[in-house]
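Comments concern the structure below.
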Amino acid sequence: MNSFFQKSPMETAKVGNSPSRAFFLAFLAVQIIGTSFSCTNNTDEAAQFFLRGNVQLQKREYKEAIRFYSEALEKKPDFADAYNNRGLAKFRDDDREGALADYTRAIQTDTDFGAAYLNRAEVLLETGDAAGSLADLQRIEQQYRDSTFFQTRLGDTYVRLNNPAQAQVSYDRALQLQPTNVEALTNRGALYFSQKAYEQARADSEQALRLNPKQDAALNNKSLLLARDGNYAEALAFVERALIAKPNQPYYLNNKAYLLLMLNRTAEALPLVQESLRLDKTNAWAHRTLGLYYLNQKQPALALAAFKEAEKLDASVDALYYYLGKAELAAGNKAGACAAWQRGESAGDELARRERTARCQ
């Protein structure tokens, strides 16, 4: 999986991309630093720059925060707290590599700095190193095990490591600690969806939206559930609300394109899926949507190319072999169609099994 639970015609919520999470990390670090740091004659000037950086971080003026933290580090090069908070500012300013470097410097300076391990685990997760993220989280588990945010991130990490049982345990624990944790509800709902536990997924998504009607990932998940029931117009309204919150989220763009195809609004779908692929060309689901577009336009050669690219990236994409077989058939290659449907049947694709039974006996 590439950051989403992808077991449906569209894509479920991205794990670990919530404003509430980022705010918590910033708040946590500032609180720890603000209460533990004491100024001396040697560090007073560094402390003043550091505190100015904290003010800018809370105001979301990230470049200014980075500047003040850098000034603090010039005055006190072993200032672990300043490395950590500069990392937070860089993370919020979309500089993942810079954030990772600063968190690592914070840990090298203070090997017991729990907040820096937690923050570094977040960056590692977002940059694809789930194993590294888990190692950092396990390093501080005793310290943070009763934190709902820690348990949520631990669940997200287990999802990336394809360990749904442990992810479930972590999400459940996060919600025991704080039943109103919207991110944990959203991500547990996505996990339920991936396991085809649709009623539980619906319950979590709806509870998340009751708590925060603008939670984009929960809006997207609600759209998935509606689409699964064939309620495409209503599903479209929910994914459009998600896109208001995050207009350039490639997975939401692809989901909207898919829904437009289902509603026979084909011309509107193409630019959306093209933009989704421009933003993330490795997304197998968007390649599948592009294939559906070309299949709809009776261009089987282009459809085949798109479906094969999706297969290369992620063969578990829902109904992929069914559509691949349809494209082979449209291209006049019945043997290729039957072979595709057979592969789909072996993978548990019910639509592919039906087509093979009907056409290839």
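The values are calculated or read from the model by the stated rules, or taken from the named source; none is laboratory data. Because the structure is a prediction, the values reported are computed rather than measured. In this analysis, Cβ positions are derived from the backbone assuming ideal geometry, glycine residues included, and neighbour counts consider all displayed protein chains.
If you check Ala303 against the conditions, is it aliphatic (A, V, I, L, M) and assigned to a helix (DSSP H, G or I)? Yes: the conditions hold for Ala303. Looking only at region 175-216, which residues are surrounded by fewer than 24 Cβ atoms within 10 Å (Cβ to Cβ), closer than 15 Å to Val159 by Cβ, among the small types (Gly, Ala, Ser) and in contact (Cβ under 8 Å) with a residue 12 or more places away in the chain? Correct list: Ser194 only. Residue-level check: of (1) within 24 Å of the chain's Cα centre (by Cα); (2) of a type in the set (Ser, Thr, Tyr); (3) at pLDDT 95 or above, Ser20 misses just (3).
Checked against the criterion of being under 26 Å from the mean Cα position of the chain (by Cα), hydrophobic (A, V, I, L, M, F, W, C), at pLDDT 95 or above and within 26 Å of Gln178 (Cβ to Cβ), the candidates Leu124, Leu100, Leu28 yield just one match: Leu124. Out of everything in region 306-319 that is in a loop (DSSP other than H, G, I, E, B) and aliphatic (A, V, I, L, M), what residue ends up being surrounded by the fewest Cβ atoms within 10 Å (Cβ to Cβ)? Here the residue is Ala315. Only one of the listed residues (Val169, Val159) is crowded, with 18+ Cβ neighbours inside 10 Å and in contact with a helix residue (DSSP H, G or I) (Cβ under 9 Å, 6 or more places away or on another chain). That residue is Val159. Annotation: Ala208 fulfils all but one of (1) at pLDDT 95 or above; (2) over 24 Å from Glu141 (Cα atoms); (3) over 18 Å from the mean Cα position of the chain (by Cα); the unmet one is (3). None of Arg359, Arg265, Arg343, Arg278 is basic (Lys, Arg) and within 23 Å of Arg228 (Cβ to Cβ) except Arg265. Scanning region 340-353 for residues that are over 14 Å from Val317 (Cβ atoms) and touching a Gly at 6+ places or on another chain (Cβ under 8 Å) yields Trp341, Arg353. Summed over region 302-348, the residues that are under 27 Å from the mean Cα position of the chain (by Cα) and among the basic types (Lys, Arg) give a count of 2.
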